[in-house]
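> Below is the structure I would like to discuss, written out as structure tokens.
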Ligand code: NAD
């Protein structure tokens, strides 16, 4: 078993997940990234992480499939002995006005963004309990705090992550496991590349720019590793966005 902390980042092959993996690697963690893509597609991400001088591993599975999650977390523990840090990051959008939102559109987003955090955390936390140590950060969103027209499914999933975060902070604090969430605003990634009229958003963002994945990664790293007396909190990383 390595002396370094091991961090698992779901949806870690690109975007905010990859930036978080790189930032945690710079801080000296060995890194496990998960994604739904195949190993070939994740290889560039692994190479970038390894270039930081740490070990990096990739596990391909769908975080919304409980059976796949269990099997892969068991394999991670068999392969590496522990998971010290968990970043519940994988997520999708399937936007639409509520009246036209069908049940499949609702359920897919809830399953991939929210139920996945239950599956992965449930599989990982028993090992953190045994170790009497651990840190979990989930990727919520400002729309989970404030709501957003056209994103009933997404904002409900992100609000659910906040409830999960606060409850787990209360249940697991006595085991020395901290549980926090980050709520990003508009961040430049594949998820937001097709957004129209981003200039319109600027009047609501005091810092007058979209965020970068690195802006978010810095805060995730702070909550995951440095903020040793912080639990149950939701930190907005939004340039001061007022919805
Ligand atoms: P992204 O689309 O670039 O990255 C999401 C990653 O999750 C991808 O690598 C994707 O393959 C992976 N993924 C999707 N479904 C999966 C599944 N079922 N199993 C495993 N992996 C899966 O988007 P991003 O902007 O980097 O988003 C990362 C997180 O940040 C998401 O939870 C998103 O909701 C949240 N977020 C993003 C923004 C933003 O403005 N970009 C704002 C607030 C919150």
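> Considering only the range 206-231, state which residues are surrounded by fewer than 17 Cβ atoms within 10 Å (Cβ to Cβ) and assigned to a loop (DSSP other than H, G, I, E, B).
Passing the criteria: 206, 207, 208, 209, 212, 228, 229, 230.
Residue-by-condition table, conditions (1) in contact (Cβ under 8 Å) with a residue 60 or more places away in the chain; (2) in a loop (DSSP other than H, G, I, E, B):
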{"residue": "4", "(1), (2)": "no, yes"}
{"residue": "8", "(1), (2)": "yes, no"}
{"residue": "11", "(1), (2)": "yes, yes"}
{"residue": "16", "(1), (2)": "yes, no"}
{"residue": "20", "(1), (2)": "yes, no"}
{"residue": "33", "(1), (2)": "no, no"}
{"residue": "64", "(1), (2)": "no, yes"}
{"residue": "70", "(1), (2)": "no, no"}
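> How many residues are within 12 Å of the ligand (Cβ to nearest atom) and either assigned to a loop (DSSP other than H, G, I, E, B) or on the phi > 0 side of the Ramachandran plot (or both) when one looks only at the range 142-174?
1
> Now a separate question. Condition test on residue 87, is it in contact (Cβ under 8 Å) with a residue 40 or more places away in the chain and in a loop (DSSP other than H, G, I, E, B)?
no
> Please state which one of 21, 45 is near the ligand (Cβ under 10 Å from one of its atoms) and within 20 Å of residue 188 (Cβ to Cβ).
The unique qualifying residue is 45.
> Is there a residue being more than 16 Å from the ligand (Cβ to nearest atom) and either touching a residue at least 24 places away in the same chain (Cβ under 8 Å) or part of a strand (DSSP E or B) (or both) anywhere in the range 107-126?
Looking for residues that are more than 16 Å from the ligand (Cβ to nearest atom) and either touching a residue at least 24 places away in the same chain (Cβ under 8 Å) or part of a strand (DSSP E or B) (or both), one finds at least one in the range 107-126, hence yes.
> Could you list, in sequence order, the residues of the range 75-84 that are in a loop (DSSP other than H, G, I, E, B) and either within 11 Å of the chain's Cα centre (by Cα) or buried (at least 16 other Cβ atoms within 10 Å of the Cβ) (or both)?
82, 83, 84
> Check off (1) surrounded by 17 or more Cβ atoms within 10 Å (Cβ to Cβ); (2) more than 26 Å from residue 162 (Cα to Cα) for residue 3 and give me the number that stays unchecked.
The single condition residue 3 does not satisfy is (1).
> With the requirement that a residue be touching a strand residue (DSSP E or B) at 6+ places or on another chain (Cβ under 6 Å) and either within 14 Å of the ligand (Cβ to nearest atom) or more than 20 Å from residue 212 (Cα to Cα) (or both), what does the range 24-37 give you?
29, 30, 31, 32, 33, 34, listed by residue number.
> Mind listing whichever residues of the range 178-194 are surrounded by 14 or more Cβ atoms within 10 Å (Cβ to Cβ) and near the ligand (Cβ under 10 Å from one of its atoms)?
182, 183, 184, 185, 186, 187, 188, 189, 191, 192
No value in this document is a laboratory result; all are computed from the given coordinates. Because the structure is predicted, anything quoted here is derived from the model rather than measured. All Cβ positions, even for glycine, are placed from backbone atoms using ideal geometry, and neighbour counts span all protein chains on display.
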